Amino acid sequence: MVDGVLILPASLEESVFRGFINTPEHSYEVKVTLSSSNQISDARVEGDWRLSNLIRGQEDTLQQYLTESKTVPELLGKMRDLLTQLESSKPSPLGLALPLSVCRQLANDIDSLGWSRVQTVDTLFRHIQLVVRDQKNQAHTLTVSPTAKYPHEAPILTVDAPVDFKPHWDKTTGLCGLVSQFSSWLDTLGPFWSCMEELDAQTCILEPEHPSRAHTHRRILIDTHLSLVLTVNPLKPLILPEPLQFLGPDNRVRELRGKVGRNCTQWNERRSLLANLQSLLDLQFLKPSSKEAEEMSEECAICYDYRLNGVVPSVICPNNHCAKCYHNECFEEWLRGLPRADGLHTVLAGDCPFCGEVISLR
Ligand SMILES: [Zn+2]
Ligand SMILES: [Zn+2]
């Protein structure tokens, strides 16, 4: 028995264990599933929401525990120590308060900037969200998180953008100086956002499900089972994005690659990204939420869902007669269940569950 850990096999083969990890603060529910090899290092550990929240960001440590532990109770004992440590290092709400002088200074600085610029501010002045409009009058949020040494120390800044905003902090100009630098910086990214807006408005985007201003990649539906994945350079959005990756049956992918090879010299940076892509591939992209687009959104042939945790199927069988699609996760899990698949991290290719054709993973 390991202190603070209660665990029992939940299946006859002893491959699934359920139980609790008890710390001074909580009792966390936990489930451990061993893979067919019965190695702890391949085990999957699932916990209740509280446990998941607490260990977020500790994946490397957990992986180390998995490798080091010889038994399930030993693994959970290590997790118990980690959880106890994480619980005690969580800041208490009162520890978040800024000195009164800093709050006064911030209130003054917001006064000079204008309170109309403030989208939200918490009562402790920990996070101040400022709204700044770009040349196209689109609103952007600059989140300012002052430290206890404000204004002598630069506040921490968070923006929804593909590159970091690194202004020069000057305590004499304070928030006003920050906002004016942010405003010019937004203009340098204007062309990138225009390109992405056009793609989002004119094509059927499979991924990301909800593109943010920071996302530089898009997966665009071309035809049934066929899509294009590209990453746009935020500072040079009009150049040919490389590499262009096509997901789909082999013959269609070869055909598109051939077009790229033949037409790439025609790429013209004075035209929009969308216009260039369409002439490069010699096609018109499907409009978003069109009927065709809906019909072409192929569900995963393993889980029969289209979106799995926001992700759409991206593994496609290269056999043109089969061309089934799978979520990466479903396909890998299916391969791991096969007797000859060897281990968690080494799955690079496997046979299509439907036709047996070898599918290699990205
Ligand atoms: Zn699936
Ligand atoms: Zn197949």
On a straight-distance basis, which aspartates and glutamates could pair with Lys171 in a cross-link, Cα separation under 20 angstrom, same-chain partners fewer than 8 positions away excluded? Asp109, Asp111, Glu153
So in segment 203-294, what percent of DSSP beta bridges are antiparallel if you round to the nearest 5? 100 percent
For Lys287, which lysines qualify as cross-link partners when the Cα separation must be under 22 Å and same-chain residues fewer than eight apart are set aside? Lys259
Potential lengthening between Ala107 and Asp42 on full extension [0.36 nm per residue; Cα-Cα distance subtracted]: 18.1 nm
Under a 10 Å cutoff between Cα atoms, tell me which one of Arg270, Arg56, Arg126 has the largest fluctuation in the Gaussian network model of the chain. Arg56
Relative contact order, percent, the chain [alpha-carbon distance under 8 Å, six or more residues apart]: 9 percent
Test of understanding: express the Cα radius of gyration of the chain as a ratio to 2.2 N^0.38 Å, with N the residue count. 1.26
Highest mean first, what order results for 300-306, 108-114 on Cβ atoms within 10 Å? 300-306, 108-114
What are the ³J(HN,Hα) couplings of segment 77-87, residue after residue, when phi is run through the Karplus curve with 6.51, -1.76, 1.60 and θ = phi - 60°? Round to Hz, x for glycine and proline. x, 5, 5, 4, 4, 5, 4, 4, 5, 5, 4
Can you tell me which lysines have their Cα less than 30 Å from the Cα of Lys166? Leave out same-chain residues fewer than eight positions away. Lys90, Lys136, Lys149, Lys236
Once you have a ≥ b ≥ c as the square roots of the Cα gyration tensor eigenvalues for segment 28-126, tell me rounded if a/c is under 1.5, and otherwise prolate or oblate according to whether a/b is larger than b/c. prolate
Let me have the 222 nm mean residue ellipticity of the chain computed from DSSP H runs of 4+ only, each contributing -39500 (n - 2.57), with the sum over all residues rounded to the nearest 500. -10000 deg cm²/dmol
Using only the alpha carbons of segment 145-222, determine the length spanned along each of the three principal axes and report them from longest to shortest in whole angstroms. 53, 22, 13
Viscosity 1.567 mPa s, temperature 4 °C, Stokes-Einstein D of segment 203-294 from Kirkwood C-alpha radius, µm²/s: 95 µm²/s
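No lab work stands behind these numbers, since they all come straight from the coordinates. Worth saying up front: this structure is predicted, and the values here are computed from it rather than measured. Counting neighbours? That spans all protein chains shown, and the Cβs are built from the backbone with ideal geometry, glycine included.
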